[in-house]
Amino acid sequence: RRPVTTAKLKKMKEEGTPISIITAYDYPSARLAEEAGIDAILVGDSLGNVVLGYDSTIPVTLDDMVYHSRAVARAAQTAFVVTDLPFMTYHGSVDQTLRNAARIMQEGCAKAVKMEGGTEIAAAVEACTKAGIPVMAHIGLTPQSIHQIGGFKIQGKSTEQAKKLLEDAKALEQAGAFAIVLELMTDQLSEHITAELSIPTIGIGAGPHCDGQVLVFHDALGYASDIVPKRMVKEYAQVGNIIREGLKQYADEVKQRRFPLPEHSFQMEDQVAEFLYG
Ligand code: KIV
Ligand code: NA
């Protein structure tokens, strides 16, 4: 496989080839995604929920994102790595936004950043794009604004809301975003936005008409995720059960002295033992 690029992702939209994206936060998960042939890996700030144990993405820091991004980048040979800019790291001055995005690229070794929001972040998207930092946008349900939105509600249900989301999507494309995540909205709205844009749309809880799909690693694989399986998530495996069973068996064998056995351990040469202990 050749490395996936922003140009390739755009071409996939044009050719009608769906784009597969999964989140990952460390080396082994990214390696497995790479081996599975996933097109792009998102180092999402969902890190806060599924890896760090917070109850939202808000406590996640830029340092957290840099640290996890580096681990993912080491495993991603061909998958395109995009890293979330966390809460409030792209709402200050353009200069501060550029510095923060630059850290994700230079220290985190990501190939692009992702930002949540509509027209209000268009200037930040434009500044990054002009500086050579590709930006993936994210509209609809935007978890960093969860306390403002007031819960995980389907977005764009009223005419007004739908109109605003379409305007946001167009403004973000205009500002230079290379792709846009559409989270938690009706099939009809995401289909319309997808048709109106020339950049790929990546859906999560946004129906089958997007140019690609993204899921959170732990949700999609049943890996000790707290999130009660939502309608929008499909669980493709239950790795949590496999890991728990393996750990139980290990703990039992230690308690019963059935591990380690001679084949797991090392014996001293006879003459050395004799010399030491007689
Ligand atoms: O943080 C994340 O995992 C995300 C995706 C759900 C789009 O932003
Ligand atoms: Na995110």
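Here, each number is a calculation from the coordinates, and none is a lab measurement. Worth saying up front: this structure is predicted, and the values here are computed from it rather than measured. For neighbour counting, all protein chains shown are included, and Cβ atoms are generated from backbone atoms with ideal geometry for every residue, glycine included.
Points to keep in mind about this one:
- Distance between the C-alpha centres of region 41-68 and region 228-278: 30 Å, rounded to the whole angstrom.
- Between helix 94-106 and the chain: long-axis angle, C-alpha atoms, 0 to 90°, nearest 10: 40
- Note on residue 54/residue 107: beta-carbon distance plugged into 1/(1 + (r/R0)^6) with R0 of 30 Å gives a FRET efficiency of 0.85.
- q = 0.13, 0.18 Å⁻¹: log10 I(q)/I(0) that the Debye formula gives for region 6-237, counting C-alpha atoms only: -0.70, -1.51
- Ranked by the mean number of other Cβ atoms within 10 Å of their residues, highest first, the peptides 45-57, 249-261 fall in the order 45-57, 249-261.
- Averaging Cα coordinates gives a centre for region 200-223 and one for region 126-188; these two points are 15 Å apart.
- The gain in end-to-end length when the residue 235 to residue 248 segment is fully stretched comes to 2.4 nm, 0.36 nm per residue minus the alpha carbon separation.
- Debye equation applied to the C-alpha atoms of region 127-209, log10 I(q)/I(0) at 0.18, 0.25 Å⁻¹: -0.72, -1.23
- For the pair residue 88 and residue 61, label points projected 7 Å from Cα toward Cβ lie 1.3 nm apart.
- In straight-distance terms, cross-link reach from residue 164 covers every one of the lysines whose alpha-carbon lies under 28 Å from its own, apart from those fewer than eight places away in the same chain; here that gives 10, 11, 13, 114, 130, 153, 230.
- Distance between the pseudo-spin-label points of residue 129 and residue 99 (7 Å out from Cα toward the beta carbon): 2.5 nm.
- For peptides 3-9, 80-86, sequence by mean Cβ density within 10 Å, most packed first: 80-86, 3-9
- Both numbers refer to the Cα atoms of region 168-229; Rg and Dmax are 13.1, 40 Å.
- Packing-based order for 151-157, 18-24, 38-44, using average beta carbon neighbours within 10 Å, highest first: 38-44, 18-24, 151-157
- Helix axis angle, 239-255 relative to the chain longest principal axis, alpha carbon, degrees: 20
- Taking only the Cα atoms of region 66-191, the ratio Rg/Rh comes out at 0.98, with Rh defined as the Kirkwood radius.
- Comparing 181, 137, 113 along the charge dipole axis of region 101-213, the residue lying farthest to the positive side is 113, per the Cβ-charge model.
- Globularity ratio of region 215-270, using Cα Rg and 2.2 N^0.38 Å: 1.80
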